[in-house]
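Before any comments, here is the structure.
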Amino acid sequence: MDVSDNALSHLDVGRGLPVVLLHAFPFNRSMWEPQVAALFGECRCIVPDLRGFGDSPRGGPYTMDRYADDVGALLDALQIEQAVVAGLSMGGYVALALWRRHRQRVRALVLSDTRASADTAEGARKRLDLIEVARAQGVDAVIALQLPGLIGKSTREKHPDLVEPIRSIMARSTVEGIVGGLEAMRTRPDSTPLLASIDVPTLVVVGDEDAITPVKDARVMHEAIRNSRLEVIPEAGHLSNLERPAAFNTALSDFVGSLLYN
Ligand code: MLT
């Protein structure tokens, strides 16, 4: 199917219930490859590059709402009325923005290694510091600062082979995409008050070694979202889908499977 020139670059594979997978910062759609491989036999996977990342159009202003509107426009272009929306980390912030702005499009939510709250004042200041690093020193300098915190201790010790593939996905980022993502995260609103309004099936996933959006943040969402499920993935850090793909895929497939029969 043709989609407009302005639409997000995306992968669209499989048939049936549409599932949109929204990537983390600073990544692109290829971080969802293990999940697409597991899911595309049972549902339709729509996997966009967010604005400024991968092959998607660039151009600000970059805000969480704009990322969400871009995803809404992609669903329009694909003539998809409703989809399961799954986001990891920054992708989770976008998923919550989609709920805020386009909730009629959301069939169910998966909020993985993410949080509902806005940046603290200190967190927002660190984003500005990282923007300076990106502008002055480039993408590799940002990766060098970000990567150690993204990956859990168990993965670093037991699966060091995973680090390089993760780095190489991040290395496809551009300074513009990175600066845009940091601006969007820095200025995102607090979505905590929104959680009580979520009345679609929701799965909250978190790696038990996630140092960026720890288990306590996942519990806040789980406790505030009625009838949500919480899945804590053992021996996984912030990138639980890449660090423990089998466990992550089981949780995701079970959840999506439960929607198919309801
Ligand atoms: C991400 O993984 O998307 C970011 O690290 C999230 C964040 O920095 O808040």
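Dipole size in debye (nearest 20) for the chain around its Cα centre, Lys and Arg Cβ +1, Asp and Glu Cβ -1?
400
What residues qualify as long-range amide H neighbours of ILE233, i.e. H under 5 Å apart, gap of 5 or more or another chain, H built at 1.01 Å from N?
Residues meeting the amide H criterion: VAL206, GLY207, ASP208.
Let me know the shape class of the chain, please: from the alpha-carbon gyration tensor, a ≥ b ≥ c as square roots of the eigenvalues, rounded when a/c is under 1.5, otherwise prolate if a/b is greater than b/c, or oblate.
Rounded, because the longest to shortest axis ratio a/c is under 1.5.
Name the residues whose placed amide hydrogens come within less than 5 Å of the amide hydrogen of THR202, ignoring near sequence neighbours (fewer than 5 apart) on the same chain.
For THR202, whose amide H was placed from the backbone, the distant partners under 5 Å are LEU109, ARG229.
Can you list the HN-Hα couplings for the stretch 227-240, worked out from phi with the Karplus curve (6.51, -1.76, 1.60; θ = phi - 60°), rounded to whole Hz and with x for Gly and Pro?
For the stretch 227-240, the Karplus-derived couplings read 6, 7, 9, 10, 10, 9, 8, x, 6, 10, x, 5, 9, 4 Hz, x marking Gly and Pro.
Give, as a single signed number, the net charge of other residues whose beta carbon lies under 13 Å from the beta carbon of VAL106, with Lys and Arg counted +1 and Asp and Glu -1.
Neighbour charge sum, excluding VAL106 itself: +3.
Using unit Cβ charges (K, R positive; D, E negative) and no other charged atoms, how large, in debye to the nearest 20, is the dipole of the stretch 1-113 about its Cα centre?
320
Hey, can you grab everything whose amide H is under 5 Å from the amide H of ARG44? Only 5+ residues off in sequence or another chain; H modelled, so Pro and N-termini drop out.
Under 5 Å from the amide H of ARG44 lie the amide H atoms of ARG15, GLY16, LEU17, VAL19, each far enough along the sequence or on another chain.
Over 23 Å apart: what share of the alpha carbon pairs of the stretch 1-157 falls there, rounded to a whole percent?
Roughly 38 percent, once rounded to a whole number.
Would you mind counting up the charge near ARG115? Only other residues with Cβ under 11 Å from its Cβ, with Lys and Arg at +1 and Asp and Glu at -1.
Residues near ARG115 contribute -2 overall.
Let me know the shape class of the stretch 109-254, please: from the alpha-carbon gyration tensor, a ≥ b ≥ c as square roots of the eigenvalues, rounded when a/c is under 1.5, otherwise prolate if a/b is greater than b/c, or oblate.
Note, shape of the stretch 109-254 comes out oblate.
Quick one: putting +1 on the C-beta of Lys and Arg, -1 on the C-beta of Asp and Glu, what dipole do you get for the stretch 159-262 around its Cα centre, in Debye to the nearest 20?
240
Kindly work out what percent of the DSSP beta bridges joining two residues of the stretch 1-124 are antiparallel, to the nearest 5.
25
For the chain, modelled as a GNM with alpha-carbon contacts under 10 angstrom, which of GLU209, GLU183, GLU132 fluctuates the most?
Highest fluctuation among the options: GLU132.
Of all DSSP beta bridges located in the chain, what percent are antiparallel, nearest 5?
15
Output ³J(HN,Hα) for the stretch 23-37: one whole-Hz value per residue in order, computed from phi by the Karplus curve 6.51 cos²θ - 1.76 cosθ + 1.60 with θ = phi - 60°, and x for Gly and Pro.
In residue order, the calculated couplings are 7, 8, 9, x, 10, 7, 5, 5, 5, 9, 3, x, 7, 4, 4 Hz.
Considering the chain as a Gaussian network with a 10 Å cut-off on Cα pairs, which listed residue, GLY138, GLY92, GLY59, attains the greatest mean-square fluctuation?
GLY59
Read-outs throughout are calculated quantities, based only on the coordinates presented, and are distinct from any laboratory measurement. The model shown is predicted, which means the values in this text are computed figures rather than measured ones. Every residue, glycine among them, receives a Cβ derived from its backbone with ideal geometry; neighbour counts consider all protein chains shown.
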